[in-house]
Amino acid sequence: MTKRRDVVKFLIRNGFWSKGGTKHEKFTNGRVTVLLKRHREIEDEVFEKIKIQAGLK
């Protein structure tokens, strides 16, 4: 499990910013948008999928 704040820091370091959201927070870099659950911890498999969706892996 990865802490949510670490996932947010990872996305921000790679050029993404938050567009808000309710149950999921939307992060975009202008081309790609990924959704991040509002849980304290994110499963490692989900984090890997977020990286792939963002084009960072």
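Key figures
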read-out: The stretch 26-44 residues that are without any contact (Cβ under 8 Å) to a residue 12 or more places away in the chain and open to solvent by 30 Å² or more (accessible area, probe 1.4 Å), paired with ones that are assigned to a loop (DSSP other than H, G, I, E, B) and not hydroxyl-bearing (Ser, Thr, Tyr) (beta carbon under 9 Å, 6 or more apart); value: Lys26/Lys19; Lys26/Gly20; Gly30/Gly15; Arg31/Gly55
read-out: Unique match (being part of a helix (DSSP H, G or I) and charged (D, E, K, R)) among Lys49, Lys57, Lys26; value: Lys49
read-out: Residue that is least open to solvent (accessible area, probe 1.4 Å), among those in the stretch 3-17 that are free of Cβ contacts under 8 Å to residues at least 24 places away in the same chain and of a type in the set (Lys, Arg); value: Lys9
read-out: Those residues of the stretch 37-47 which are of a type outside the set (A, V, I, L, M, F, W, C) and touching a Lys or Arg at 6+ places or on another chain (Cβ under 7 Å), in sequence order; value: Arg38, His39, Arg40, Glu41
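The values are calculated or read from the model by the stated rules, or taken from the named source; none is laboratory data. All values reported here derive from a predicted model rather than from experimental measurement. Cβ coordinates were reconstructed from backbone atoms using ideal geometry, including for glycine residues, and neighbour counts include every protein chain displayed. Just the protein is used for accessible areas: all its heavy atoms, side chains included, with ligands, DNA and RNA removed. Shrake-Rupley method; radii C 1.70, N 1.55, O 1.52, S 1.80 Å.
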